[in-house]
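The values are calculated or read from the model by the stated rules, or taken from the named source; none is laboratory data. For clarity, every value in this text was computed on a predicted model and none was experimentally measured. When we count neighbours, we look across all protein chains shown, and the Cβ atoms used for this are built from the backbone with ideal geometry, even at glycine. When the accessible area is computed, the model is the full protein with side chains, heavy atoms only, and any ligands, DNA or RNA have been set aside. Shrake-Rupley method; radii C 1.70, N 1.55, O 1.52, S 1.80 Å.
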Amino acid sequence: MRWNKTTNAETTTILQLEQALGIPTAVATILAQRGITSFEAAKTFFRPDLKALHDPFLMLGMSKAVDRILQAVSTGEKILVYGDYDVDGTTAVALLFSCLKTLTSEVATYIPDRYSEGYGLSSQGVQFASDNDIGLLITLDCGIKAVERVAEAKALGIDSIICDHHLPGEQLPSAVAILDPKQKDCLYPYKELCGCGIGFKLIQALTLQQEHDFEVLYPYLDLVATAIAADIVPLTGENRILAYYGLKQLNKAPRPGFELLIQNTKKKVLQLSDLVFVIAPRINAAGRMQHGQRAVDLLCSETTEIALPYARSIELMNGERRLTDEKITEEALAQIQDLKTEFSTVVMQEHWHKGVVGIVASRLIESFYRPTAVLTASGDQLVGSVRSVKGFNVYEALVACSDHFIQFGGHKYAAGLTMTKEALEPFRAAFEQAVKERILPEQREPSMLYDATLTLNEITPKLFRIFQQMAPFGPQNMRPVFRTQGLKDAGGSKVVGKEQTHLKLEVTDFSGAPVSGIAFGMAEHIHKIKSQVGFELLYTLDENEFNGVKTLQLKVKALRFTE
């Protein structure tokens, strides 16, 4: 694995930040690397403020959307809130439905079936709206490319409002209003909202139009923070503000559905990473294993008693999902041993569960670091998910193989595809060739970024407190990673854990007192470390609490020997 340093910042900028803010060099360096180069920018970054959210009416189409919704409310027209089956879609549907329920009883939700309907606005969904006398259809986290489906709805007398954050196609749907900051001529200042974030801007506009206080929106922030975490959008601008206050809401007064899921974290204070690794997989499990409507029902439950059966059901689905993807991963790894490809991986078994093939593709990359497709049967066709490695545009490689697909779509790092069973072997060969022609040597080996080099005596409680204030962490604001060189065992390093697979470190670089650290899954290094061989670490700073006493520790991400 290669270790790469984050791009260097200007020395003069670092010095100015140090002096203006009275902060250590390491903090000033990381702020400058992240584009925070002035006192005012740092103040905005460290003190997110809901008052800094943009006026929602700056978004193209917002006035029309609000007027059409309030018209439907005033006339008792039926409204259908329609969203994707993933975390972003289901939280967005729960958010808008919960808000509209305070205005009208004539509102319902619809989540498409992942397997029979697929992603986006479906003909079945449009027909459901028609069958139930829906007059207004509002899509969330989908719809920007649903030109034909919106036309179908229009022909049936149903108006549509599109709330999406994906890139529009050349032709826009004939909707009453389209809310998407990425559409041409939209002057909205922040372009990186997730689908639930767009939904939040809509209810913010509705609140303003009705002259209600912003405080009425606080209960919805837990949904927005969860969607931001799960959808891996940049933790900048409005996303940072919404995630910051959404976490406060989750920790202070979560909705009943979240309260039951949070019990699984066993944490006193939730961080954004807990939403990514604990909450989001459970919400996603509903759409993967059964139906995403279960997640909406959970998130819209007004009491713990109502939410409890949904939470139990989702917990069971998540357990099933985990066992399923572990089993398929094991079978896929065995299959890879027989493949003759060097630059890519394409595996297939007809019995594999469609809901987890994307997860399996990501797991396979952990063992075989190369662009990977995992396929399974769907009727008389094959469907699958493709995942990529850092820096490699797998979508471009798939375009080169597009003759072998019935359909495909996606982006740089992830895609989905459908093909005939006969196309499998030709696709495998074409994908191998396409990747081979495009992949760079450095993209064939995993790499890890670090932000700054520290000596152990620079690690202080003050430094840790400042870095904690940089949270919430996520894309474009990752938790800082440090490198320390010239390390040796200070005498207390040992193997720990039930299976004796982890490494509890006590290290010194002779700059000060020894520092402890934890290196999960690295127990094999213990003999070399105890023999006083020199090494270096990449790590994040963490706090360990034992018997009520808190101490700083290194949370090791990578270790390599230097002697």
Taking Rh as the Kirkwood radius computed over C-alpha pairs, what is the Stokes-Einstein D of region 503-563 at 37 °C in a medium of viscosity 0.692 mPa s, expressed in µm² per second?
-> 267
Taking region 153-312 on its own, what percent of its Cα-Cα pair distances exceed 27 Å?
-> 30
In region 125-234, which GluC sites (Glu not before Pro) are in a loop and have at most 12 other Cβ atoms within 10 Å, using DSSP for the loop call?
-> Glu170, Glu211
Above-threshold pairs, the threshold being 28 Å between Cα atoms, out of Lys462/Lys488; Lys5/Lys268; Lys191/Lys436 = Lys5/Lys268; Lys191/Lys436
In nm, give the distance between the simple-model label positions of Val549 and Asp403, each being 7 Å from the Cα along the Cα-to-Cβ direction.
-> 7.0
Highest first, please rank the peptides 486-498, 197-209 by the mean number of other Cβ atoms sitting within 10 Å of their residues.
-> 197-209, 486-498
Just in region 1-98: which GluC sites (Glu not before Pro) are loop by DSSP and have at most 12 other Cβ atoms within 10 Å?
-> Glu10
May I have the pair-distance distribution P(r) for region 432-514, computed from all Cα-Cα distances with 5 Å bins from 0 and rounded to whole percent?
-> 3, 10, 13, 14, 16, 17, 12, 6, 5, 3, 1
With a Förster distance of 60 angstrom and the Cβ-Cβ distance between Ala414 and Thr508, calculated FRET efficiency to the nearest 0.05 equals 0.90
Positive dipole terminus of region 19-142, leading residue within Met59, Ala42, Thr139 (C-beta point charges) | Ala42
So, with a 1.4 angstrom probe, what is the percent of accessible area on the chain that is carbon and sulfur?
-> 51
Per DSSP H run of at least 4 residues, take -39500 (n - 2.57); add these up for the chain, divide by its residues and hand me the 222 nm value, nearest 500 deg cm²/dmol.
-> -12000 deg cm²/dmol
Give the percent of DSSP beta bridges with both residues in the chain that are antiparallel, rounded to the nearest 5.
-> 60
With Rg from the Cα atoms and Rh as the Kirkwood inverse mean 1/r over Cα pairs, region 421-465 has an Rg/Rh of 1.46
Charge dipole (debye, nearest 20) of region 123-224; +1 at Cβ of Lys and Arg, -1 at Cβ of Asp and Glu | 320
With θ set to phi - 60° and the Karplus curve 6.51 cos²θ - 1.76 cosθ + 1.60, what are the ³J(HN,Hα) couplings of region 471-477 in order, to the nearest whole Hz, using x for Gly and Pro?
-> 5, x, 9, x, x, 6, 8
Just how far, in whole angstrom, is region 165-209 from region 392-428 if you go by their alpha carbon centroids?
-> 29
So what's the projected area for region 106-223, the Cα convex hull averaged over all directions, in nm²?
-> 8.4
Please give every one of the aspartates and glutamates within straight-line cross-link reach of Lys354, meaning a C-alpha to C-alpha distance under 18 Å, and leave out same-chain neighbours fewer than 8 residues apart.
-> Asp84, Asp86, Asp113, Glu117, Glu320, Asp325, Glu326, Glu330, Glu331, Asp380
Find the centroid of the Cα atoms in region 1-22 and in region 117-143, then give the distance between the two in whole Å.
-> 50
Per residue, in Å², the accessible surface of region 95-173 once ligands and nucleic acids are set aside, probe 1.4 Å | 42
Counting only residues 5 or more apart in sequence or on a different chain, those whose built amide H sits under 5 Å from that of Met348 are Leu375
Assuming R0 = 41 Å, can you tell me the calculated FRET efficiency for the pair Ala52 and Lys267, based on Cβ-Cβ distance, to the nearest 0.05?
-> 0.90
Taking a label point 7 Å from the Cα of Lys421 along the Cα→Cβ vector, which residues of region 327-349 have an amide N closer than 19 Å to it?
-> 347-349
Over all directions, average the projected area of the Cα convex hull of region 458-563 and note it in nm².
-> 7.6
Would you mind computing Rg(Cα) / (2.2 N^0.38 Å) for region 92-133, counting N as its residues?
-> 1.29
Determine the dipole magnitude for the chain: charges of +1 sit on the beta-carbon of Lys and Arg, -1 on that of Asp and Glu, nothing else is charged, the reference point is the Cα centre, and the result goes in debye to the nearest 20.
-> 1600
Two-decimal Rg to Rh for region 23-85 - Kirkwood Rh, Cα set | 1.30
Please report, in Å, the Rg and the Dmax of region 308-441, where both are computed over Cα atoms only.
-> 15.1, 52
Send over a whole-number figure in Å² for the accessible area per residue of region 291-376, probe 1.4 Å.
-> 46
Sequence order, region 519-535: Karplus ³J(HN,Hα) from phi using 6.51 cos²θ - 1.76 cosθ + 1.60, θ = phi - 60°, Hz rounded, Gly and Pro as x, gives 10, 6, x, 10, 4, 5, 8, 4, 5, 5, 5, 5, 8, 6, 6, x, 8
Provide Rg over Rh for region 235-361; use the alpha carbon set for both Rg and the Kirkwood Rh (inverse mean inverse pair distance).
-> 1.08
Name the shape class, rounded, prolate or oblate, that the alpha-carbon gyration tensor gives for region 475-533, where a ≥ b ≥ c are the square roots of its eigenvalues, rounded holds for a/c under 1.5, and otherwise prolate holds if a/b is larger than b/c and oblate otherwise.
-> oblate
Excluding ligands, DNA and RNA, what is the solvent-accessible area per residue of region 447-529 at a probe of 1.4 Å, expressed in Å²?
-> 48
What is the log10 of I(q)/I(0) for region 359-426, computed with the Debye formula using one identical point scatterer on each Cα and no solvent, at q = 0.15, 0.19, 0.29 Å⁻¹?
-> -0.44, -0.70, -1.33
Per principal axis, largest first, the Cα atoms of the chain extend in Å by 77, 60, 48
Length-normalised contact order of the chain, Cα under 8 Å, at least 6 apart, in percent, tallies to 11
Here the gain from full extension of Arg438 to Thr562, 0.36 nm per residue of separation minus their alpha-carbon distance, amounts to 41.3 nm
